[in-house]
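Q: Just passing along the structure, written as structure tokens.
The values are calculated or read from the model by the stated rules, or taken from the named source; none is laboratory data. Please read all numbers here as calculations on a predicted model, not as lab measurements. Note: ideal-geometry Cβ built from the backbone for every residue, glycine included; neighbour counts use all protein chains shown. Just the protein is used for accessible areas: all its heavy atoms, side chains included, with ligands, DNA and RNA removed. Shrake-Rupley method; radii C 1.70, N 1.55, O 1.52, S 1.80 Å.
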Amino acid sequence: MPKALFFDIDGTLVSFRTHLIPDSAVQALTRAKELGHKLFIATGRPRCIINNLGQIEHLIDGYVTTNGAYCFAGDKVIRQLTFTADDTRTILEDARKKRYPAIVVNDNRLRVLHNNSLVEKIFINQLNIRNLDYTTPLEEVMSKPIMQITSFIGKIRERRLSSRLFNTTIGRWHPSFIDFTPRGADKGSGILAMAEFFGISRQDTVAFGDGGNDIPMLRTAGIGVALGNAAEPTREAADFVTTDIDDHGIRSALMNLGII
């Protein structure tokens, strides 16, 4: 039975060390596609900064982006969840008051507020993102519905801020920042929306991830696979743990599960 395979990007498909998809993973995904399986991306990245999938773009059937808030296949928007005005205001007012960075995302662009060296260290050096926008007027970005706000705060500030939010989902995959998305938007609900659109049952879905924001989809999918480089809570949420991304983790998992 063909499967729907959902892959996180950073640390799962794309190596933090090389910023590339390992050749073994490219070959394995090509074979999976030849065998009739559907291939999907499930990422916290907004659409406008998905810049590292050139090796496999031709294989991808659809995208779950912004932690499940925006899902699309080709020109078809399958799911789009947006913030309430109250929660947007609360999150941004807190960022302004405390002067910490926040990245505001709509369906096709983002804007960095209060940029500092930490943003550049993570997004440029670690994630190899070169098209961050620091200058577009925030009002222009907010003229369209907002789907994600990434706030550079620790866990104490997260708890204080989240207690004032009523329609927001919280996901953290990096110790330095948190992704706020509209209520109901996470990768687990995102992959279900995509599978339903393609007429694929939950039992025939397989999810691959390494970060904290991957936990919902690892628990939701028929089979959840954690990469060997995943943090312990992510490994515990998975049904199966493969080898590290740089040790042929994707190929090993697909072979061990009998998918290729």
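Q: What translational diffusion coefficient, to the nearest whole µm²/s, does the chain have by Stokes-Einstein, given a Kirkwood radius computed over alpha-carbon pairs, a temperature of 20 °C and 1.002 mPa s viscosity?
A: Values: Rh = 18.4 Å.
In µm²/s, the coefficient is 117.
Q: Let me ask something additional. Can you tell me the relative contact order of the range 98-255? Whole percent, Cα pairs under 8 Å, sequence separation 6 or more.
A: Values: 267 pairs, mean separation 21.7, N = 158.
It comes to 14 percent, rounded to a whole number.
Q: Quantify, in whole percent, the carbon and sulfur part of the accessible surface of the chain (1.4 Å probe; protein heavy atoms only).
A: Working: 5390 of 11270 Å².
The nonpolar share, carbon plus sulfur, comes to 48 percent.
Q: Here are some pairs, Lys97/Lys155; Lys38/Lys76; Lys76/Lys187; Lys98/Lys187; which of them have Cα atoms lying more than 23 Å apart in this structure? Intermediate results must be reported in sequence, preceding the final value.
A: Numbers: Lys97/Lys155 18 Å; Lys38/Lys76 16 Å; Lys76/Lys187 18 Å; Lys98/Lys187 29 Å.
Checking Cα-Cα distances, Lys98/Lys187 exceed 23 Å.
Q: Using amide H atoms built in the peptide plane, which far-off residues or other-chain residues are under 5 Å from Ile260 H to H?
A: Long-range HN contacts for Ile260: Met255.
Q: Also, I was wondering about something else. Run the simple label-point estimate for Asp247 and Asn131 please: 7 Å along Cα→C-beta, distance reported in nm.
A: 3.5 nm
Q: Arranged from highest to lowest average of other beta-carbon atoms within 10 Å per residue, in what order do the peptides 184-193, 88-97 appear?
A: On the way: 184-193: 23.9, 88-97: 16.1.
So the peptides 184-193, 88-97, ranked by packing, come out 184-193, 88-97.
Q: Could I ask something else about it? Using the heavy atoms of the protein chains alone and a 1.4 angstrom probe, what is the accessible area of the range 33-164 per residue in square angstrom? Spell out each step's value before the answer.
A: Working: 6110 Å² over 132 residues.
Accessible area per residue, the range 33-164: 46 Å².
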